[in-house]
Amino acid sequence: MARFLGFALLAFVVTAASCGGGDPGLVLTELGSYDHGDSARGGAEIAAYDPGSRRLFVVNNAGGRSTLDVLDLARPASPKLVQRIDVRALHGGGANSVASRNGIVALAVENGADRQAPGWVVFRDPAGRALGRVEAGAVPDMLTFTPDGKTVVVVNEGEPDESYARDPEGSVSLIDLANGPARATATTLGFTAFDANGPRHGELPAGVRVFGPGASVAQDLEPEYVAIASDGRRAWVSLQENNAIAVVDLAERRVAKIVALGLKDHRQTGSGLDPCDQDGGHRVGPWPVYGMYQPDALAAFTAAGRTWILTANEGDARGYGTMDEEARVAELRLDRERFPNAEALVRPEALGRLRVSRLSGDLDGDGDFDELHAFGARSISILDDEGTRVWDSGDLLERLAAVEDSGGLGDDRSDDRGPEPEGLAIGVVGGRTFAFVGFERRGGVVVFDVTDPRAPVFQDYADPRAAPRVPRQSWAAAEDEGPEGVLFIPPDASPNGKPLLVVCNEVSGTTTIYGIELARRDVTPAARARGR
């Protein structure tokens, strides 16, 4: 069973995230794992599940290959490979995402001959047979079905080439399956209306980062992930590098608005960070730094009669041959009025090694930096359906990761983006709604009860590299590293009739299945100090 992390350092969690003495809490238990055989080169990224065939479909991009690995999940404790489909050989490009609904498996496939050209959404059945494909935008990144299964929504990132000479527009494609996957049609929504000469440019919030060299707004916006409301009428799209989200009206097939996500003030108590990997350990505290939220994954859920959006505030920087926005604080010239103690701040044991953007923070354009903008907020947030933040986890994730030091990683990620929450999933267990969030670099999965979106409750931190685990099969000996995709399987779809969590680990090339259970436990400060 995953260790419940509770030591003296986590005493503060008791008041902020207590389950209430002996109230039910949720814990994760590892059941089984499959090693895709690519631990030296990475691999498993995103998974989808088909309840009819009890098969799991895993996008595996390792060593220049791109395959769809089909696993038999009839026995979650021992997933087995059924088929490995060579996506690149069949479709010319690599797969970025997979989704499944109503016996249809959909793949987002980028253009292999010209990555900046339109890609495709490819359809197969659970047995691997081709059902058809339809053109999408450039670099289709993530896709999902609407709840009724009649539409696939795919976000097209539209990344530039290494020289930034070719920068395709980001977009969102709506794939209509009314006539079946063989006759699917696509409607692609772009952002040209928000360009400088476009009719909606005045609606673009000032906080949306548009900074690619010579790029229009439509070129610069790079959709990363999409979440859809339970009624299928609205979608929310993360624009990670732009520190924004787009709200899409699926019923009217239009971009309703773009929302700037703002900056997190790491000077505030409870919202600090550990900015240094050379200060002798994990030291989380307030610093004069602002975090750009820059979410990767999103998830939509319903509570109190309305829709809420959970964001994993991973952070990301643009780095190309002609433009690299990352810099360490020590490389920048700080404004002496804003930073009167600049000499102390730029020391390696302070902020000197922290990676920040060199393309924002000079507010008056005089060549020195008035603010420091770090990548990501090292947190998860909950937004209402209009994009207003109602809750943020503050520095809790970083403190959780610091307690166990996840497999001896030490302090080496503090100067980058900390635990890097990336993949997430929402699931309902026992009538309560839970969020499952993977730490891409630090490792493990953290669980929150988000039944009350304004007051989530910390539940568990399952870190397989820091805790005793079930024995690995001989064919699945790799340790889990780098959780990328997180998938919740509800009990009514699960092969064993119980809720499951699937975690795809990109670095280790493993896919791990967890059982989910509600358990009564003592979460008093004394119990947390003892551990579970």
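Computed from the coordinates by the stated procedures, all read-outs in this text should not be read as laboratory data. Please read these numbers as outputs of a predicted model, since none were measured by experiment. Backbone-built Cβ (ideal geometry, glycine too); neighbour counts: all protein chains shown.
Residue separation times 0.36 nm, minus the C-alpha to C-alpha distance between Asp452 and Asn179: what's the value?
Working: separation 273, 0.36 × 273 = 98.28 nm, distance 3.98 nm.
Here the segment from Asp452 to Asn179 would lengthen by 94.3 nm.
Would you mind giving the three semi-axes, in whole Å and largest first, of the ellipsoid equivalent to region 23-120 according to its Cα gyration tensor?
On the way: eigenvalues 145, 49, 37 Å².
Semi-axes (√(5λ), whole Å): 27, 16, 14.
With contacts defined as alpha carbon pairs under 8 Å and 6 or more residues apart, what's the relative contact order of the chain in percent? List each step's numbers first, then the result.
Working: 1538 pairs, mean separation 96.2, N = 532.
Relative CO of the chain lands at 18 percent.
With no solvent and one point per C-alpha, what does the Debye sum give as log10 I(q)/I(0) for region 126-230 at q = 0.12, 0.17, 0.20 Å⁻¹?
Rounded to two decimals, the profile gives -0.48, -0.85, -1.05.
Multiplying the sequence separation of Asp249 and Asp125 by 0.36 nm and subtracting their Cα-Cα distance, what value in nm do you get?
Details: separation 124, 0.36 × 124 = 44.64 nm, distance 2.90 nm.
Taking Asp249 through Asp125 to full extension adds about 41.7 nm, to one decimal.
Distance between Cα centroids, region 310-376 to region 203-261: provide it in whole Å.
A separation of 25 Å, based on Cα centres.
If R0 is 45 Å, what FRET efficiency do you get for Glu343 and Tyr320 from their C-beta distance, rounded to 0.05?
On the way: r = 33 Å, r/R0 = 0.73.
It comes to 0.85.
Kindly state, as a whole number, the per residue volume in cubic angstrom of the convex hull around the alpha carbon atoms of the chain. It would help to have the intermediate numbers written out before the result.
Details: hull volume 75.2 nm³, N = 532.
It is 141 Å³ per residue.
At a Förster distance of 56 Å, what's the computed FRET efficiency of Ala493 paired with Gln268, Cβ-Cβ distance as r, to 0.05? Provide the component values of the computation, followed by the final result.
Numbers: r = 42 Å, r/R0 = 0.74.
Plugging the Cβ-Cβ distance into 1/(1 + (r/R0)^6) gives 0.85.
To the nearest 20 debye, what is the magnitude of the charge dipole of the chain about its Cα centre, counting +1 on the Cβ of each Lys and Arg and -1 on the Cβ of each Asp and Glu? Write down the numbers at each step before the final one.
Details: 55 positive and 79 negative charges, 405 e Å.
So the magnitude is around 1940 debye.
Relative to the compact globular guide of 2.2 N^0.38 Å, what is the alpha carbon radius of gyration of region 315-364, as a ratio?
Details: Rg = 11.8 Å, N = 50, 2.2 N^0.38 = 9.7 Å.
Cα-based Rg divided by the globular estimate yields 1.21.
Please compute the length gained on full extension between Leu363 and Gln83, using 0.36 nm multiplied by the number of residues separating them and subtracting their Cα-Cα distance. Kindly include the intermediate steps, with their values, before the conclusion.
Working: separation 280, 0.36 × 280 = 100.80 nm, distance 5.45 nm.
Length difference between fully extended and current span is 95.4 nm.
Within a Cβ distance under 9 Å of Val70, other residues only, what is the Lys/Arg minus Asp/Glu net charge? Write out the running numbers ahead of the final one.
On the way: positive: Arg55, Arg84; negative: Asp69, Asp72.
Local charge sum for Val70: 0.
With a cut-off of 8 Å between alpha carbons and a minimum separation of six or more residues, what is the relative contact order of region 201-316 in percent?
Worked out over region 201-316, it gives 23 percent.
If R₀ is 35 angstrom, what is the calculated FRET efficiency for the pair Ala113 and Ala196, using the beta carbon separation as r and rounding to 0.05? Write down the numbers at each step before the final one.
Values: r = 32 Å, r/R0 = 0.91.
Efficiency computed from Cβ-Cβ geometry: 0.65.
With the crude spin-label approximation of a point 7 Å out along Cα→Cβ, what separation in nm comes out for Val428 versus Arg65?
My value for the distance between the label points is 4.0 nm.
Place +1 on the Cβ of every Lys and Arg and -1 on the Cβ of every Asp and Glu in region 51-144, take the dipole about the Cα centre, and give the residue among Gly92, Ala77, Ala108 whose Cα lies farthest towards its positive end.
Ala77
Report the normalised scattering of region 242-351 as log10 I(q)/I(0) at q = 0.13, 0.24 Å⁻¹, calculated by the Debye formula with identical scatterers on the alpha carbons.
Log10 I(q)/I(0), no solvent term: -0.71, -1.47.
If you take all C-alpha pairs in region 337-464, what percent of them are over 21 Å apart?
51
Packing-wise, with mean Cβ within 10 Å as the measure, how do 141-154, 413-426, 173-186 rank, highest first?
Values: 141-154: 21.1, 413-426: 25.0, 173-186: 16.6.
With the highest mean Cβ count within 10 Å placed first, the list reads 413-426, 141-154, 173-186.
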